Amino acid sequence: VVAKLWREREYARKDVLTGLANRLELFERFEIEQLRSERSASPYSVLFIDIDQFKTLNDTRGHHIGDDALKKLADILGKNSRKVDTVSRIGGDEFVLLLPETDEQSCEMLVSRIKLASEKEFQSRGWPISLSIGHVTNAGKGRSVDEILRDVDEKMYAIKKRR
């Protein structure tokens, strides 16, 4: 019974398809990171990732291919992040990475690595998709998690509109 309860607790914090953290897990870790950052005065960064043309991929190739794309992106994000980072799928084709002790320059290097790895993988599979990635770097708890996520989401959409 105890083992079953622990499994259910774990499933409540994970995205079923990708195995990544879900919104609940992200928010809990985000609040902890803000407190840690406030104590240490070290920055953290947040990436908001959206898959461009994902609906087209789903509609033309089928939902099983769309699911494969989500899993492949989850794999790419996991391989390009550290154990201390929180990689999450917060819905549909949207992913958020929380990167403790990461300044803006390191964040931008990670964005480049993720874009390069995803472009290579998507092209090799003939998938007509790409990524739009917004990012912010912050320190402390000056703004709420919701405010930061809205900010980084707006940055991601500004990038998406430029394409």
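The values are calculated or read from the model by the stated rules, or taken from the named source; none is laboratory data. Because the structure is a prediction, the values reported are computed rather than measured. Here Cβ is always computed from backbone atoms with ideal geometry, including for glycine, and neighbour counts include all displayed protein chains. In case anyone asks, the SASA skips ligands and DNA or RNA and just uses the protein heavy atoms, side chains included. Shrake-Rupley method; radii C 1.70, N 1.55, O 1.52, S 1.80 Å.
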*asked:* Skipping prolines and chain starts, which residues have an amide H placed within reach, meaning under 5 Å, of the one on Lys14, given they are 5 or more residues away or on another chain?
replied: Asn22
*Please report, as a whole percent, how much of the solvent-accessible surface of the chain comes from carbon and sulfur atoms (probe radius 1.4 Å).*
52 percent
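Calculate the dipole size of the stretch 1-118 relative to its Cα centre from +1 charges on Lys and Arg beta carbons and -1 charges on Asp and Glu beta carbons; express the result in debye to the nearest 20. Please list the in-between numbers first.
Working: 19 positive and 21 negative charges, 102 e Å.
With only Lys, Arg, Asp and Glu charged at Cβ, the dipole is about 500 debye.
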*On average, how much area does the Cα convex hull of the stretch 119-163 cover when viewed from any direction, in nm²?*
4.2 nm²
*Out of the DSSP beta bridges found with both residues in the chain, what percent are antiparallel (nearest 5)?*
95 percent
*Which value in deg cm²/dmol, rounded to the nearest 500, describes the helix-derived mean residue ellipticity at 222 nm for the chain, given -39,500 (n - 2.57) per DSSP H run of n ≥ 4 and division by the residue count?*
-18500 deg cm²/dmol
*Which three extents, in whole angstrom, do the alpha-carbon atoms of the chain cover along their principal axes, largest first?*
49, 49, 24
*Take the alpha-carbon centre of the stretch 24-60, take the same for the stretch 93-154, and report the distance between them in whole Å.*
7 Å
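Please report the orientation-averaged projected area of the stretch 90-154, defined via the convex hull of its C-alpha atoms, in nm².
On the way: hull surface 20.3 nm².
Over every viewing direction, the Cα hull of the stretch 90-154 projects on average to 5.1 nm².
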*asked:* Name the residue from Leu17, Leu98, Asn138 whose Cα lies farthest towards the positive end of the charge dipole of the stretch 1-154, charges +1 on Cβ of Lys and Arg and -1 on Cβ of Asp and Glu.
replied: Leu17
*For Ser130, list long-range residues whose amide hydrogen, built 1.01 Å from N in the peptide plane, is under 5 Å from its own amide hydrogen.*
Asp52
*From the backbone phi of the stretch 12-19, what are the Karplus-calculated ³J(HN,Hα) couplings (6.51 cos²θ - 1.76 cosθ + 1.60, θ = phi - 60°) in whole Hz, Gly and Pro given as x?*
5, 10, 10, 6, 5, 6, 9, x
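Starting from the eigenvalues of the Cα gyration tensor, five times each then square-rooted, give me the equivalent ellipsoid semi-axes of the stretch 12-101, largest first, whole Å. Could you put the intermediate results ahead of the total?
Details: eigenvalues 157, 28, 22 Å².
For the stretch 12-101, the ellipsoid semi-axes come out as 28, 12, 10 Å.
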*Residues with amide H under 5 Å of Thr102's amide H, sequence separation 5 or more or different chain, H placed in the peptide plane at 1.01 Å from N; which?*
Tyr44, Ser45
*What whole-number value in Å² describes the accessible area per residue of the stretch 6-163 for a 1.4 Å probe?*
54 Å²
